[in-house]
Amino acid sequence: MNKTKLQYGADVIEKYFVPFLFLIVFSVPLWLKVDLLPFRMWDESRNAINAIEMYQSHNWLVRTWNFQPETYELKPPLLTWIQVGFLHTLGLNELAIRLPSVLFNIGSLVLVYFAAYVSTKNTWIGILASGITVTSSGFYGDHVGRFGDHDALLVFEFLLFLFLLYGYCATQKNKYLYLCGFILSLGVLTKSVAILMVLPGTLVVVLKNKLVLSTLKNPHFYWSLLIFVLPIVTYYLLRENRQPGYIGLVWENELFPRYFNTSKTSVFKQEGFFYYFNLLLKEKMSYWFWVVLPATVYMLIKKLNSQNHFFWFVQGFVLFFVLSVGSQNFWYIAPVIPLFAVSVALVLFDFVCFFKLKKGWMVLSLLLLLWVPYKRAYGYALNPSEKYYEWETNGISHYLKNPEHKSNLTSNTRILLDTAHGFEPHLFYLKKLELEKGFFVPRLWLNQVKTGDTLLISHLSTYNALKVKYRVEVLDSSYLHTKLIVLKD
C-alpha cells in the first residue's frame, strides 16, 4: 500500500511538477534582462510608437505615426491593444512593449510540450520538444522571443490553431471548428494574412483523415467561417472608412504583391529557394537541424501512417515550403521551429521505445542534449549588447534611456542625424520625454544648424561634418559617437 502511494506521488511529481519546473528554467532566456536594450529597428520601434500614440490619443481603430494614420506598418492593431494595456499597467518603458511577446512565447512552449505529450504520453519527450524550441535562436532571438514585434504572438496563434485542429481531426467535435475560426480571426488581426499560411497543411491533414466531405456537410463549419470572417471584414471596413485608401495599401504591402515580392513599395532581397534551409542549418536552429534531416527520412520511410507523426511532420514541412517560395525575411521562419521541434521529439521517442531505453538513461540523455544549446541561449539573454555597427543607430536611444544623461537635455536641444542613415528608433523615448518633462526634442537637418545650437548627435559622419564649419564643444559623451554638443564660431 505504501509502495502504491509512493508510486502515485512520484507519478504526480513527474506529470505536473517536473514540467512546471522545466518551464520556469526554459523561460529564463525569454525574460532575463529583456528591458536592457532600447527598442530595435525596424518593426519593434515602430510598434512602440504606435502603442504610445494610441495610449495618448485613445484612437483604438487606427494605428498612427506622428498622430497621422499609418501608411507603413499596416497590420491590424491586436498587438498594439495588448501593448497599450501594459503601458497603462507597467508604465512607459521597454518591459510594457516586450512583456506580451515574452508571455506569448512561454505560452508557445506550453503548447509545444502538450503537442508532444499528447502524442506520446511521455513527460520527458514533451520537455525535450519545448527545450528544442527555446534553445533555437530563431525562437528566442531577434524579432521574435524577446522583442515587441508581431511574431511571438503569431507563433502562439499558429500553434494554438494547430493544437485545436489536431483535436478536431481526432474527435470531429464542433467546438474545435469554432475555436479554429476564432483563432484564425485573431491571427489576421495580428499580422494580416500570415496566419493563413497554415491552411495548405490544414488541407493535407484533413484530406489524410478523410474529413473533407463530412466537414463541408457540417453546418457548424459555416458558422465557424462566419466567426473567422466577420471580425476581419468589420475591422477593415471601419479602418477604410477612417483612413481612405487603407485597403489598397494593405493589398500592395501585405497580401499577394508582398508574398510574391512584386510590391511597388516593399521589395525584399531574395536569396533563393534554399534560403530558409541554410538559415536553419547555420543559425536559427543550428544545434538541432542536423537531426531534422534524418528525422525526415525516418518519417517518410516508417511513420507516415501514424496520425501523431504525420500531423506535425506535414504541418512543419508544408509551412516550410510555402515560406520558401515567397518573399524572405529571417524572422518569417519562426513558426516552423516549434513544428520541427515536435517532429524531432516524436522521432527520438520512437528510438527510445525501439531500444527500450530506461527512464534514467533517457533523462540523462535529454539533459546532455539540452545543456549546450541552453547555455548559449542563457548567455544571449544574460549579456545583451549592441554590435559595434549598431551604436550609431541606437546611441541616442541609450542616451535617452539614461536618467543622468536625459537630465542634460533642455527645450533648446535639437537632434542632428546622418542624412543617409539617420533612422529614428528613439522616437518613443522622445514622446516619453514630452509626457514627463513637457518638451519635445525635434530633429534638424545639416543645412538648418547654426552657431549656438545645442545638438544631440550619434553619427561620426555628423560630428566630422560639423567640425569643418564650427568649433564643437562636447557637453556630454558616454556612448560611441553619441554626444551632446554646442556649436561655436
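Here are a few things to note about the model shown:
- In region 322-362, the residues that are under 32 Å from the mean Cα position of the chain (by Cα) and exposed (fewer than 15 other Cβ atoms within 10 Å of the Cβ): 325, 329
- Verdict on residue 71 being in the same structural domain as residue 232 (by TED's automatic domain parsing) and modelled with pLDDT of 95 or more: no
- Residue 415 vs. criteria in contact with a helix residue (DSSP H, G or I) (Cβ under 7 Å, 6 or more places away or on another chain) and surrounded by 15 or more Cβ atoms within 10 Å (Cβ to Cβ): yes
- Some residue of region 401-412 being buried (at least 19 other Cβ atoms within 10 Å of the Cβ), farther than 17 Å from residue 454 by Cβ and not hydroxyl-bearing (Ser, Thr, Tyr): yes
- Only listed residue being assigned to a loop (DSSP other than H, G, I, E, B), in contact (Cβ under 8 Å) with a residue 12 or more places away in the chain, outside the structural domain of residue 275 (by TED's automatic domain parsing) and hydroxyl-bearing (Ser, Thr, Tyr), chosen from 397, 411: 411
- Search result, residues across region 141-180 that are closer than 21 Å to residue 81 by Cα and of a type outside the set (A, V, I, L, M, F, W, C): 143, 145, 146, 148, 149, 150, 151, 157
- Counting only helices (runs of 4 or more DSSP H) that fall entirely inside region 245-290 and contain at least 3 residues that are within 21 Å of the chain's Cα centre (by Cα), the qualifying elements are 246-254, 275-279.
Condition check ((1) in the same structural domain as residue 309 (by TED's automatic domain parsing); (2) more than 30 Å from residue 35 (Cα to Cα); (3) in a helix (DSSP H, G or I)) across all residues:
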{"position": "144", "(1), (2), (3)": "yes, no, no"}
{"position": "148", "(1), (2), (3)": "yes, no, no"}
{"position": "166", "(1), (2), (3)": "yes, yes, yes"}
{"position": "191", "(1), (2), (3)": "yes, no, yes"}
{"position": "197", "(1), (2), (3)": "yes, yes, yes"}
{"position": "232", "(1), (2), (3)": "yes, yes, yes"}
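The values are calculated or read from the model by the stated rules, or taken from the named source; none is laboratory data. The structure presented is a predicted model; accordingly, all values stated were derived computationally and were not measured. Counting neighbours? That spans all protein chains shown, and the Cβs are built from the backbone with ideal geometry, glycine included.
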